[in-house]
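Have a look at the structure below before the remarks.
The values are calculated or read from the model by the stated rules, or taken from the named source; none is laboratory data. All values derive from a computational prediction rather than experimental measurement. Neighbour counts are summed over all protein chains in view; Cβ atoms, including those assigned to glycine, are modelled from backbone coordinates with ideal geometry. We work out accessible area using only protein heavy atoms, side chains counted, and drop any ligands, DNA or RNA first. Shrake-Rupley method; radii C 1.70, N 1.55, O 1.52, S 1.80 Å.
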Amino acid sequence: MKEILTAWDGEAVLIRHDAQTGAVIIIGIHSSKFGPATGGTRLMKYNTVEDAIQDAQKLSSGMTYKFALADFPRGGGKAVIALSRVLLPEERHGLLMRYGSWIRQLNGYYYTGPDVGTTPEDMDVIATTGDPYVFSRTPANGGAGGSGEATGYGTYCGMKAVGAHLFGTRTLAGKKILVQGIGSVGRPLLGYLKSEGAEILISDVDERVANDYPEYVFVTPARVYQTPCDIFSPCALGGILNADTIPQLRCKAVVGAANNQLGTEADADFLARQNILYAPDFACNIGGALAITGMEAMGWSKQVAFEQVSRVEQTLTTIFTLADEQRINTHVAARNLVREKLNRIQ
Ligand code: NAI
Ligand code: PHE
């Protein structure tokens, strides 16, 4: 345990056991330097508490990176609710209420929103006891709703930066783009890609999505990494760019929304050696957190929020230029940019 804590450069790991359900709730606070730590709540099963702690740490670091790159005055935090078993609806409801009370006790040290396993409806429940520290409630409860559309839009803007850098054109018309994970981010992303005339391929473990989108080629999960395309867009799971998958890839670029796509940091070099342009996940997937917190905490209109999200394109262009100039990989270039921004506000 000590190793897990000392290997991380974050501020705090808060942890509590929920006796009624056996769940362990972990809040990772990576940094409050840029503003109050903010990030979603991931609710799922984990094999061990150590795995859950490490996930909370990694995900909260990612939030610091996202907000810093967007020059948005929020810090990095993330919560993991690690379940040890499937809960009945009323048990889950009670757990979320107790979690909300804990967030309120923290008195603004951590603000939450949705992530994998939680929805705006869950934010409504958490906000009953956790208000005003809960973003992304449903519009019926005064929130801005789900974050997937803005995240999909930011990812699409990121693809334009890749287009300009690799193909000499921002337009994605005719580009073959394979989206892995057709969920709350993947679906709106498909809409933006379609509006530009991209050639779209989709993949999901839930093969029913093939019926929802009969106009696109469906790639089975078993073939997703080997399928030739211009841009591969991971919008499902983390850790999918690794020593096993990278040699299989037949794409020119990876641009997706999934958090923590690299298996290890060294995998960014591996991608570069394979001549694959990697758009760092934390530079691409800020859209939802930025738009929702901007609308709810700063009073932005939806139009202003989406204009802000479109800055993903410029940020990635800067990262690609730095990487080329300094002959470093794009992940390191993005990380250096974050460190510079954080150092400036010592
Ligand atoms: P979601 O749960 O709505 O959708 C995920 C989709 O991926 C589902 O359709 C699921 O069936 C599919 N999937 C799961 N495992 C898969 C696999 N092995 N291969 C192919 N498909 C698989 O999740 P959401 O909200 O769309 O998020 C997707 C990713 O983007 C997650 O990693 C999340 O952390 C990240 N993200 C989401 C944001 C948001 O605003 N929703 C913001 C930033 C990051
Ligand atoms: N799940 C979002 C992310 O990973 C976090 C978030 C969404 C935070 C909405 C606040 C509001 O970026």
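If you sort Val86, Val332 by accessible surface, 1.4 Å probe, largest first, the order is Val86, Val332.
Rolling a 1.4 Å probe over the heavy atoms of the protein chains gives the chain an accessible area of 42 Å² per residue.
Structural descriptor for the chain: relative contact order 15 percent, calculated from alpha carbon pairs under 8 angstrom and at least 6 residues apart.
With a ≥ b ≥ c the root eigenvalues of the C-alpha gyration tensor of segment 52-130, is it rounded (a/c under 1.5), prolate (a/b larger than b/c) or oblate? Verdict is prolate for segment 52-130.
Tell me, what is the percent relative contact order of segment 1-119, built from C-alpha pairs under 8 Å that lie six or more residues apart? Write down the numbers at each step before the final one.
On the way: 240 pairs, mean separation 39.2, N = 119.
With pairs under 8 Å counted, the relative contact order is 33 percent.
On the basis of the beta-carbon distance and an R0 of 56 Å, Arg250 and Gln20 show a calculated FRET efficiency of 0.70.
In a shell of Cβ-Cβ distance under 15 Å around Ala161, excluding Ala161 itself, what net charge do Lys and Arg (+1) and Asp and Glu (-1) give?
Net of charged neighbours comes to 0.
Computed across the chain, the Kirkwood radius stands at 20.3 Å (inverse of mean 1/r, all Cα pairs). Between the helical axis of 89-105 and the longest alpha-carbon principal axis of the chain there is an angle of about 80 degrees. At full extension, His93 and Lys45 could sit 15.6 nm farther apart than now, given 0.36 nm per residue minus the alpha carbon distance.
Given R0 = 41 Å, the distance between the Cβ atoms of Asp206 and Thr318 translates into a calculated FRET efficiency of 0.70. Mean residue ellipticity at 222 nm, helices only, the chain: -12500 deg cm²/dmol; runs of at least 4 DSSP H residues each add -39,500 (n - 2.57), and the sum is divided by the number of residues.
Measuring against 28 Å, Cα to Cα, the residue pairs Lys66/Lys302; Lys33/Lys58; Lys2/Lys33 contain no pair spanning a longer distance.
What is segment 219-346 by shape, rounded, prolate or oblate, if you read a ≥ b ≥ c off the alpha carbon gyration tensor as root eigenvalues and call it rounded for a/c under 1.5, prolate for a/b larger than b/c, and oblate otherwise?
Details: a/c = 2.22, a/b = 1.41, b/c = 1.57.
Oblate.
Treating r as the C-beta distance of Leu237 and Met1 and R0 as 25 Å, the FRET efficiency rounds to 0.45.
If we count every other residue with Cβ under 12 angstrom of Val217's Cβ, Lys/Arg +1 and Asp/Glu -1, where does the sum land? Mind showing how you got there, number by number?
Details: positive: Lys176, Arg223; negative: Glu199, Glu215.
The answer is 0.
At 1.4 Å probe size, with the rest of the protein present, what percent of the exposed accessible area of the chain is carbon and sulfur atoms? With neighbouring chains kept in place, the figure for the chain is 52 percent. Our estimate of slack between Lys194 and Arg85, defined as 0.36 nm per intervening residue step minus the Cα-Cα distance, is 35.2 nm. Summary of the geometry: segment 241-282 and segment 105-140, compared by the centres of their Cα atoms, lie 32 Å apart.
At 0.36 nm per residue, minus the direct Cα-Cα distance, what do Glu325 and Ile345 gain on full extension? Give it in nm, one decimal, please.
Values: separation 20, 0.36 × 20 = 7.20 nm, distance 2.53 nm.
Going from the current span to full extension adds 4.7 nm.
Size of segment 274-346 from its Cα atoms: along the principal axes, largest to smallest, the extents are 41, 32, 15 Å.
Could you work out the Rg to Rh ratio of segment 1-125, with Rh taken as the Kirkwood radius (inverse of the mean 1/r over all Cα pairs)? Before the final figure, lay out each step's value.
Values: Rg = 13.8 Å, Rh = 14.4 Å.
In segment 1-125, Rg relative to Rh is 0.96.
Just need the relative contact order of segment 185-226 here, percent rounded to a whole number, with Cα pairs under 8 Å and 6+ apart. Please list the in-between numbers first.
Working: 27 pairs, mean separation 14.3, N = 42.
Here the relative contact order equals 34 percent.
Ranking Ala334, Gly239, Ile25 by Cα position along the charge dipole of the chain, where only Lys, Arg, Asp and Glu carry charges on their C-beta atoms, puts Ala334 farthest toward the positive end. Expressed per residue, the C-alpha convex hull volume of segment 128-255 stands at 144 Å³.
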